[in-house]
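*Asks:* Supplied in structure tokens, the structure appears directly below.
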Amino acid sequence: QVQLVEDGGGLVPAGGSLRLSCAPSGSIFSINVMGWYRQAPGKQRELVASLTSSGRTNYADFVKGRFTISRANAKNTVFLQMNSLKPEDTAVYYCSLSQLGRDSWGKGTLVTVSS
């Protein structure tokens, strides 16, 4: 069983920065994909960024150039550095881990960007 614990959300003014972290525990296999998704009120959950165990990244167009996903391989902790935040980035951000055909999710951390 996998558990994912997110941290780092909060309130930030437009143009500010936040760094989210996701610490997985449990059975983590060497081949996996970790990612960040977000869900704003009244909207569907959407992919923000993902990172494979081989280092390949994928970003949603709306965060390219502003957000960076990275991993501390020693503990599989994944980070999402968010710069130049906009009010439309306000959402609950969820960490995900995909491995062996199964997806695990964290409980989410709220990011609020004030205008």
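The values are calculated or read from the model by the stated rules, or taken from the named source; none is laboratory data. What you are looking at is a predicted structure, and each value in this text was computed from that prediction instead of being measured. For neighbour counting, all protein chains shown are included, and Cβ atoms are generated from backbone atoms with ideal geometry for every residue, glycine included. Protein only, heavy atoms only, side chains kept; ligands, DNA and RNA dropped before computing areas. Shrake-Rupley method; radii C 1.70, N 1.55, O 1.52, S 1.80 Å.
*Asks:* Out of all the residues in the stretch 47-65, which are within 21 Å of Gln99 (Cβ to Cβ) and surrounded by fewer than 16 Cβ atoms within 10 Å (Cβ to Cβ)?
*Replies:* Leu47, Thr52, Ser54, Gly55, Arg56, Thr57, Asn58, listed by residue number.
*Asks:* A follow-up question, please. Run Ser98 past the list (1) over 18 Å from Gly8 (Cβ atoms); (2) among the small types (Gly, Ala, Ser); (3) in contact with a helix residue (DSSP H, G or I) (Cβ under 8 Å, 6 or more places away or on another chain) and report the number of the one that doesn't hold.
*Replies:* Condition not satisfied by Ser98: (3).
*Asks:* Sticking with this structure for a sec: Considering the stretch 1-16 alone, what residues qualify as being open to solvent by less than 60 Å² (accessible area, probe 1.4 Å), in contact with a strand residue (DSSP E or B) (Cβ under 7 Å, 6 or more places away or on another chain) and modelled with pLDDT of 95 or more? Break it down stepwise before answering.
*Replies:* To start, the set of residues in the stretch 1-16 that are open to solvent by less than 60 Å² (accessible area, probe 1.4 Å) comprises 2, 4, 6, 8-10, 12, 14-16.
With the extra rule that they be in contact with a strand residue (DSSP E or B) (Cβ under 7 Å, 6 or more places away or on another chain), the set shrinks to 2, 4, 6, 8-10, 12, 14.
Within the stretch 1-16, Leu4, Glu6, Gly8, Gly9, Gly10, Val12, Ala14 meet the criteria.
*Asks:* So in the stretch 26-46, with the set limited to residues that are open to solvent by less than 50 Å² (accessible area, probe 1.4 Å) and modelled with pLDDT under 95, which one is farthest from Glu6 (Cα to Cα)? Even if it seems obvious, please write down each step before you answer.
*Replies:* Filtering the stretch 26-46 down to residues open to solvent by less than 50 Å² (accessible area, probe 1.4 Å) leaves 28, 32, 34-36, 38, 40.
Still in the running and modelled with pLDDT under 95: 28, 32.
Details: Ile28: 16, Asn32: 18 Å.
Among those that are open to solvent by less than 50 Å² (accessible area, probe 1.4 Å) and modelled with pLDDT under 95, it is Asn32.
*Asks:* Within the bounds of the stretch 85-100, is there any residue that is at pLDDT below 95, open to solvent by 60 Å² or more (accessible area, probe 1.4 Å) and under 15 Å from Leu51 (Cβ atoms)?
*Replies:* Within the stretch 85-100 (the criterion being at pLDDT below 95, open to solvent by 60 Å² or more (accessible area, probe 1.4 Å) and under 15 Å from Leu51 (Cβ atoms)), the answer is no, since none of the residues qualifies.
*Asks:* Being open to solvent by 50 Å² or more (accessible area, probe 1.4 Å), at pLDDT below 95 and more than 15 Å from the chain's Cα centre (by Cα): is that true of Lys75 here?
*Replies:* Yes; evaluated as a whole, the condition is true for this residue.
*Asks:* What are the residues in the stretch 36-60 that are closer than 25 Å to Thr112 by Cβ and among the β-branched types (Val, Ile, Thr), if any? Show your work before the answer.
*Replies:* The first filter runs over the stretch 36-60 and keeps only residues closer than 25 Å to Thr112 by Cβ, leaving 36-51, 59-60.
Within the stretch 36-60, just Val48 meets the criteria.
*Asks:* For the stretch 50-81, which positions are in contact (Cβ under 8 Å) with a residue 60 or more places away in the chain and in contact with a Ser or Thr (Cβ under 6 Å, 6 or more places away or on another chain)?
*Replies:* Correct list: Phe79, Gln81.
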